[in-house]
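The values are calculated or read from the model by the stated rules, or taken from the named source; none is laboratory data. No experiment lies behind these values; they were computed from the predicted model shown. Please note: Cβ atoms are built from the backbone with ideal geometry, for glycine as well, and neighbour counts cover all protein chains shown.
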């Protein structure tokens, strides 16, 4: 019985953290991020998810609810969330495709969670397919910022 209560408590905490995490990072539309990057160049961080993806929900609950991660994404990047199953059209690497086709064909991804770093001109810099802790995400974002000046010119 106590295991069931602990599991219930952890699920409740996870749900609360997920709601909190959604509010911390100021996610924007992909097309809006590309437009903003034209006038105020910043790297575009794209979080790819699917509604069925449990590790994606865990990332929302733990990583994107972390104040340092959220501050980095909000202040130094344009943060975008894209559903990999979406049929909405976007421009990825100069090609107009659905989000789903960008995920598979252009970004050559096949697992979730996944992240894409995009230069202000819309070209893909790199992709990452992995679940991570808040500390690992912080480290990754700081590594991106070390090369920011070089990558913004792409």
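Values as computed for the structure displayed
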| read-out | value |
| --- | --- |
| Residue 49 touching a strand residue (DSSP E or B) at 6+ places or on another chain (Cβ under 7 Å), surrounded by fewer than 22 Cβ atoms within 10 Å (Cβ to Cβ) and in contact (Cβ under 8 Å) with a residue 40 or more places away in the chain | yes |
| So residue 80, is it assigned to a loop (DSSP other than H, G, I, E, B) and under 15 Å from the mean Cα position of the chain (by Cα) | no |
| The stretch 74-89: number of residues that are crowded, with 22+ Cβ neighbours inside 10 Å and either more than 15 Å from residue 116 (Cβ to Cβ) or touching a residue at least 60 places away in the same chain (Cβ under 8 Å) (or both) | 1 |
| Breaking point among (1) in contact with a helix residue (DSSP H, G or I) (Cβ under 9 Å, 6 or more places away or on another chain); (2) within 25 Å of residue 38 (Cβ to Cβ); (3) modelled with pLDDT of 95 or more; (4) surrounded by fewer than 16 Cβ atoms within 10 Å (Cβ to Cβ), for residue 145 | (3) |
| Criterion (touching a helix residue (DSSP H, G or I) at 6+ places or on another chain (Cβ under 8 Å), buried (at least 17 other Cβ atoms within 10 Å of the Cβ) and modelled with pLDDT of 95 or more) met by exactly one of 63, 116 | 63 |
